[in-house]
Amino acid sequence: MSVTTETINRGIAVLENFQDSKLLTNLNSCVHCGLCAESCVYYLTFKHPYYVPAKKVDLISSLYKRYFTFIGKNIPFLVNAKDLNEENTKEMVDLFFGACTMCGRCNLHCSIGIDIAFLVRTGRIMLAQMGMIPATIQSTVDASINSGNNMGITTEEFVDTIKWLEDELKDEMNDENARIPLNDSNVNILYTLNPREPKFFPLSISAMAKIFYAAKESWTISTKMYDVTNYGFFTGNVKEATIIANRLFDEVKNIDAKELILAECGHGSRAFRWEAPNYLKQSFDFDTNTSVELIAEYIRTGRIKVDKTKLTQKVTLHDPCNLVRNGGVFKEQRYILEQVVTDFVEMTPNGIDNYCCGGGGGQLAMSEYNERRMKIGERKAIQIRNTNAKIVVTPCHNCVDQLMQLNSYYKLNVQIKTIAEIVADAIISD
Ligand code: SF4
Ligand code: SF4
């Protein structure tokens with residue numbers, strides 16, 4: 001890692017350019033009460049002051065004070081103001097990328113409401129400007145930019161997978177006209193996918209196709225842009241996050257869809273539905289919803305019929321931070337589970353106070369932090385074990401991935417499923 005004067009200037013310029021009231025309030029408010037410590041899975045796991053969320057706040061506010069306040073510029077030690085140098089740049093990379101899932105749980109518990117995850121993201125934006133994004137997560141963004149999806153799946157491979165799944169759907173539905181439509185235009189719904197689905201978990205695509213079939217929906221998938229994820233949101237490279245968001249926006253227009261449905265992906269939903277209007281500097285003139293909300297509506301309005309007695313095993317629910325705490329989609333998945341299973345039990349805590357599974361913030365894309373990631377996941381493993389559930393449902397493919405790894409690492413002996421999968425199994429015909 002080489003930190004030059006030019007690198008430092010580029011990092012500090014982020015604080016200068018971002019001087020808005022939200023950033024300034026968050027940078028100037030920490031009273032060092034320490035209440036945020038017990039909210040963070042990193043501190044709860046390692047019990048070391050290095051992992052207290054306030055340390056992350058201090059890391060960035062000490063720079064702000066040094067470069068932008070009178071006392072910090074002239075008597076830095078009085079206000080803990082610090083120069084940006086090689087040592088704290090290294091710490092920033094380790095803490096902002098390697099020890100924060102940007103889950104936002106600390107925000108809830110901060111005595112004065114500091115948006116700590118927002119400061120971590122600001123720190124990541126600084127590091128992006130300094131050229132310090134870890135190569136592992138950057139390669140995910142590069143794949144998206146260069147191939148249109150974060151796994152670098154070729155169009156040919158993708159179409160082959162979808163055609164194979166379509167044949168299976170025809171067999172299952174006993175209907176030669178059953179389809180998984182590709183590139184249809186003038187449809188109600190443009191549906192997205194997490195590239196992990198065509199690559200590793202195609203059955204979740206089948207599950208959603210079965211739901212669309214039962215609902216008699218007019219829908220399609222675009223072969224050009226189906227990727228719901230946006231790792232540019234996590235790397236802090238706003239320019240690249242904007243390119244990715246713009247592609248999805250353009251594809252809704254090209255396809256002429258009335259509504260964009262975001263697949264089960266917490267950060268993808270957040271990055272497009274709630275953050276993209278900021279990147280793109282415009283609001284959307286089409287509806288954007290998550291598949292969880294859509295499925296809940298299908299059940300509520302009777303467009304699909306389900307039988308909860310088909311599944312009697314105990315089921316619990318993991319709340320993805322980006323969808324629930326940060327996005328407010330909380331009731332729909334609970335409504336769905338009450339309709340499709342007979343024995344649903346909540347984890348403790350749950351909802352907006354739920355613990356991160358450990359895989360958020362791009363952690364799964366940064367193999368150098370794998371050991372830390374599995375350790376902080378123990379809290380989630382304990383939560384799951386305490387429910388005695390046999391199935392864990394979560395509306396996020398990223399969480400699915402982390403939970404599957406926790407399942408094997410902590411020998412939980414559970415099945416991990418998406419909402420679409422559990423609903424598809426409960427569907428009954430008219
Ligand atoms: S956002 Fe989550 S992981 Fe990051 S410091 Fe806060 S509680 Fe810890
Ligand atoms: S709870 Fe808030 S004010 Fe207290 S130490 Fe943590 S960040 Fe600072």
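The values are calculated or read from the model by the stated rules, or taken from the named source; none is laboratory data. As the structure is a computational prediction, the values presented were derived from the model and not from experiment. Cβ sites come from the backbone with ideal geometry, for glycine too, and all protein chains shown count toward neighbours. The area values use the complete protein model at the heavy-atom level, side chains included, leaving out ligands, DNA and RNA. Shrake-Rupley method; radii C 1.70, N 1.55, O 1.52, S 1.80 Å.
Structure notes:
- With contributions of -39500 (n - 2.57) from each DSSP H run of at least four residues, the per-residue ellipticity at 222 nm computed over the chain stands at -14500 deg cm²/dmol.
- Top of SER147, SER61, SER39 by mean-square fluctuation, Gaussian network on the chain, Cα under 10 Å: SER147
- Here the chain carries DSSP beta bridges of which approximately 10% are antiparallel, counting only pairs with both residues inside.
- For a straight C-alpha distance cut-off of 18 angstrom, the lysines reachable from LYS90 (same-chain residues fewer than eight places away being disregarded) are LYS55, LYS56, LYS82.
- Reachable lysines, given that their alpha-carbon falls under 22 Å from the alpha-carbon of LYS308 and they are not under 8 places away in the same chain: LYS210, LYS216, LYS331, LYS390, LYS417
- Angle in degrees between helix 116-129 and the longest Cα principal axis of the chain, rounded to the nearest 10: 80
- Region 1-133: relative contact order in percent, alpha carbon pairs under 8 Å with at least 6 residues between: 33
- Centre-to-centre separation between the Cα atoms of region 59-105 and those of region 272-306: 38 Å.
- GNM flexibility winner over the chain from PHE272, PHE97, PHE249 (Cα, springs under 10 Å): PHE249
- Cys residues of the chain counted as unpaired, since no other Cys beta-carbon is under 4.7 Å: CYS30, CYS33, CYS40, CYS100, CYS110, CYS265, CYS357
- At full extension, SER139 and LYS411 could sit 94.8 nm farther apart than now, given 0.36 nm per residue minus the alpha carbon distance.
- Compared with the alpha-carbon gap, the fully stretched path from THR45 to ASP425 is longer by 133.1 nm at 0.36 nm per residue.
- Cross-link partners for LYS22 among the aspartates and glutamates, with Cα-Cα distance under 12 Å and sequence neighbours closer than 8 places in the same chain left out: ASP115.
- Cβ-based charge dipole, the chain, positive-most Cα from TYR191, GLY377, PHE330: GLY377
- Note on region 305-377: with neighbouring protein chains present and a 1.4 Å probe, carbon and sulfur make up 48 percent of its accessible heavy-atom surface.
- Segment ASN146-THR348, extension gain: residue separation times 0.36 nm, minus the distance between their alpha carbons: 68.5 nm
- Principal-axis analysis of the Cα atoms of the chain puts helix 203-215 at an angle of about 60° to the longest axis.
- To the nearest 10, the accessible area of ASP250 is 70 Å² with a 1.4 Å probe.
- Rounded to the nearest whole angstrom, the semi-axes of the ellipsoid equivalent to region 1-136, taken from the Cα gyration tensor as √(5λ), stand at 22, 18, 13, largest first.
- Legend: residue pairs LYS163/LYS411; LYS163/LYS281; LYS199/LYS224, Cα-Cα distance threshold 26 Å; pairs beyond threshold, LYS163/LYS411; LYS163/LYS281.
- For region 241-270 and region 144-205, distance of Cα centres in Å: 16
- Antiparallel bridges, percent of DSSP beta bridges restricted to region 301-430 (to nearest 5): 20
- Helix 331-340 and the long axis of the chain differ in direction by around 30°, with both axes built from C-alpha atoms.
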